[in-house]
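The values are calculated or read from the model by the stated rules, or taken from the named source; none is laboratory data. This is a predicted model, so every value here is computed, not measured. Every residue, glycine as well, gets a Cβ built from its backbone with ideal geometry; the counts of neighbours run over all protein chains shown. Just the protein is used for accessible areas: all its heavy atoms, side chains included, with ligands, DNA and RNA removed. Shrake-Rupley method; radii C 1.70, N 1.55, O 1.52, S 1.80 Å.
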Amino acid sequence: MYNTYMQDRPARPPTGLFALLHAADAAQSHVESKLTTIGLSLPKLAALNVLREAGGSLPLGQLADRLSCVKSNITQLVDRLEADGLVTRASDPSDRRSRLAVTTAAGRKSCEAGLRLQERTERELFGGLTKDQARQLATLLGKVGSVTDRAS
């Protein structure tokens, strides 16, 4: 009887936390599906972009710090990027114990393509918002993010 009652109730749109999580999941899935068409994922694009912003190379530990992840995850991510020909590993001239992730020409090209695709996808996702709504959304999401930053 309970299941029948629940099935007869009209579905309500998610609110609060569930709305945020649903929107985040939908946006991530949408972006990931676009990135796979050019052989990238969000983590790969994020790593390539951090390397681009750093001038093309970083020690793996610094890459992990800038991406806010543990070193073992960076090792696996760099392994995948290296297998795709997007980065190489090199000795760090300033620290013999350290290895650098170095972006290749193909990695720079993929990063630029990924960033262009990200911009187009953002326009798709937020194109229905006015400039004021987009600013308000960014402000609200920033507030949610600052709460989670303080909690961790």
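A few notes on this one:
- Restricted to Cα atoms, the chain shows a radius of gyration and a Dmax of 19.9, 71 angstrom.
- Against the rule of thumb 2.2 N^0.38 Å, how large the Cα Rg of region 91-152 comes out: 1.78
- Phi angles across region 133-145 convert, under the Karplus curve 6.51 cos²θ - 1.76 cosθ + 1.60 with θ = phi - 60°, into 3J(HN,Hα) values of 5, 5, 5, 5, 4, 4, 5, 5, 5, x, 5, 5, x Hz, Gly and Pro given as x.
- Region 31-126 - percent of accessible surface contributed by carbon and sulfur, probe 1.4 Å: 50 percent
- Using a Förster distance of 30 Å, the FRET efficiency for Leu137-Ala106 (Cβ separation, nearest 0.05): 0.30
- Amide H contacts under 5 Å for Ser98: Asp92, restricted to partners 5 or more places along the chain or on a different chain, H placed in the peptide plane at 1.01 Å from N.
- Residues in region 100-138 that a label on Lys34 would reach, taking backbone N under 13 Å of a point 7 Å out along Cα→Cβ: 113-128
- Region 71-111 - Debye-derived log10 I(q)/I(0), Cα point model, q = 0.23 Å⁻¹: -0.75
- Relative to the longest principal axis of the Cα atoms of the chain, helix 42-53 runs at roughly 50 degrees.
- Candidates Ala26, Ala101, Ala134, ranked by Gaussian network fluctuation over the chain, Cα under 10 Å, top entry: Ala134
- Evaluated at q = 0.29, 0.33 Å⁻¹, a Debye calculation over the C-alpha positions of region 47-88 (equal weights, vacuum) places log10 I(q)/I(0) at -1.09, -1.28.
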